[in-house]
Amino acid sequence: MSENGEPALRTPLCSTLGIEYPIVQAPIGSATTPELAAAVSNAGGLGHLAVTWRDLAETRRAIRETRDLTDDPFAVNLVLDEATTVVDTDEHLETVLEAGVDVVTLSFGDAEPYVERIHDAGAVVSQTVGSAAGARDAVAAGVDLVVTQGLEAGGHVQSGVTTMALVPRVADAVGDEVPIVAAGGIADGRGIAAVLALGADGAWLGTRFVATDEAAVHDEYRRRLTEGDETDIVHTTVFDKGWPGTPHRVLRNETLERWEGAGRPAAGDRPGEDDIIATTEAGGGIERYAEALATPDVDGDIDEMALFAGQSVGLTDEVRSAGGLLKELVAETRTAVSTVSGPSHRADR
């Protein structure tokens, strides 16, 4: 218990990352901003920047601006799959490390070639996994924590196993070697308390943080998130232009329905394959089936774009400030933990 009698939420993840609460804002692609990451970190969680789709100058600027807004730790994510990267990963990582980031998170690839470099720079490194075997490999490679992404997650998904089944499997596989962060289908304190009980040391929330004031997303995208429910979500590979063959979870829309109505044809034969459905502020066209995010500068048929969201979308019913959301999540988690007799999350080591 904490000094004021509330359930303590400090876990091994807090010690590893230097944060107050075991809550991580997921690297939600181009929706991440310095303002979002800093607000989460300032409220006691771990904020996150996704930089895979930024060039080196943009990456430096985003990290610098985030550091100007917070003195607390924040993370930077790199996707390792070369099918989607716009900058050589080695060069991008060097830029990130030179900027003095606290935490580097790696996904969709093998962390092993990069772990030593990250440690030599004084940063913590994590790898996202989708199986117990993947978690064991990540620990053997020397990562400081593992993120278990369940099938319920929004955006690009690298697991076929649900969070409920995956977390205890990974907890059994790695024991007390490194902290575990659970991702996929978590949007409130009940979900956070549940994954702590399953053996995780913290929770990783994406969809819920997309629906915040600080996230760089189009208002129409926010509206769909707050009005959607768990049955509006589809796990598919159809929005593959830009990242071929990678499964993702999105809100159902006209693009999906047209494709399904045509019998789910393969790429090249899909209806409206070459349609330009939106444009960026710079004048670039966004084709139907592109994996481009609906950011505020995009104009056009937003509802026909890839609107990434997880199965937790039904719990995402209003837009909040990120700092206010973090405080609410902490309060909800404490309430949920207090209603469970003998919560089984691991004590801090």
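Could we say that VAL24 is in the same structural domain as GLY122 (by TED's automatic domain parsing), under 13 Å from the mean Cα position of the chain (by Cα), within 29 Å of ASP137 (Cβ to Cβ) and outside any loop (DSSP other than H, G, I, E, B) here? Yes. Would the range 225-246 turn up any residue that is without any contact (Cβ under 8 Å) to a residue 40 or more places away in the chain, under 28 Å from ALA37 (Cα atoms) and in contact with a Gly (Cβ under 9 Å, 6 or more places away or on another chain)? The answer is no, given that none of the residues of the range 225-246 is without any contact (Cβ under 8 Å) to a residue 40 or more places away in the chain, under 28 Å from ALA37 (Cα atoms) and in contact with a Gly (Cβ under 9 Å, 6 or more places away or on another chain).
Matching residues to (1) within 24 Å of ILE186 (Cα to Cα); (2) acidic (Asp, Glu); (3) part of a strand (DSSP E or B); (4) modelled with pLDDT under 95:
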{"position": "GLU257", "(1), (2), (3), (4)": "no, yes, no, no"}
{"position": "ASP269", "(1), (2), (3), (4)": "no, yes, no, no"}
{"position": "GLY272", "(1), (2), (3), (4)": "no, no, no, no"}
{"position": "ALA278", "(1), (2), (3), (4)": "no, no, yes, no"}
{"position": "GLU281", "(1), (2), (3), (4)": "no, yes, no, yes"}
{"position": "ILE286", "(1), (2), (3), (4)": "no, no, yes, no"}
{"position": "SER312", "(1), (2), (3), (4)": "yes, no, no, no"}
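Pick from ASP317, ASP303, ASP274: which is surrounded by fewer than 16 Cβ atoms within 10 Å (Cβ to Cβ), within 26 Å of THR85 (Cα to Cα) and more than 18 Å from the chain's Cα centre (by Cα)? Give the steps one after another, and end with the answer.
Values: ASP317 fails: within 26 Å of THR85 (Cα to Cα); ASP303 fails: surrounded by fewer than 16 Cβ atoms within 10 Å (Cβ to Cβ).
From the options ASP317, ASP303, ASP274, the qualifying one is ASP274.
Among the residues of the range 284-296, some residue qualifies, meaning at least one is within 19 Å of the chain's Cα centre (by Cα), under 29 Å from GLY109 (Cα atoms), of a type outside the set (A, V, I, L, M, F, W, C) and not assigned by TED's automatic domain parsing to the domain that holds PRO27.
Taking the condition of being within 23 Å of ARG334 (Cβ to Cβ), crowded, with 24+ Cβ neighbours inside 10 Å and aliphatic (A, V, I, L, M), how many residues in the range 195-210 meet it? Can you show your working first?
The initial filter retains those residues of the range 195-210 that are within 23 Å of ARG334 (Cβ to Cβ), namely 195-209.
Next cut, crowded, with 24+ Cβ neighbours inside 10 Å only: 195-196, 200-209.
From the residues that got through so far, the ones that are aliphatic (A, V, I, L, M) too are 195-196, 200, 203, 205.
So the answer is 5.
You will find that of THR66, THR70, THR85, the residue that is polar (S, T, N, Q), more than 18 Å from the chain's Cα centre (by Cα) and in the same structural domain as LEU205 (by TED's automatic domain parsing) is THR70 and no other.
With the structure loaded, tell me whether GLU332 is outside the structural domain of VAL195 (by TED's automatic domain parsing) and of a type outside the set (Lys, Arg) or whether it fails that test. Step through it out loud before you land on a result.
Working: outside the structural domain of VAL195 (by TED's automatic domain parsing): no; of a type outside the set (Lys, Arg): yes.
So GLU332 fails the test.
Against the conditions (1) surrounded by 21 or more Cβ atoms within 10 Å (Cβ to Cβ); (2) within 22 Å of ALA203 (Cβ to Cβ), THR52 satisfies every one except (2). Looking across the range 137-172 at every residue that is under 23 Å from ASP232 (Cβ atoms) and of a type in the set (A, V, I, L, M), the one that is nearest to the chain's Cα centre (by Cα) is identified as ALA153.
The values are calculated or read from the model by the stated rules, or taken from the named source; none is laboratory data. Small disclaimer: the values here were computed from a predicted structure and weren't measured. When we count neighbours, we look across all protein chains shown, and the Cβ atoms used for this are built from the backbone with ideal geometry, even at glycine.
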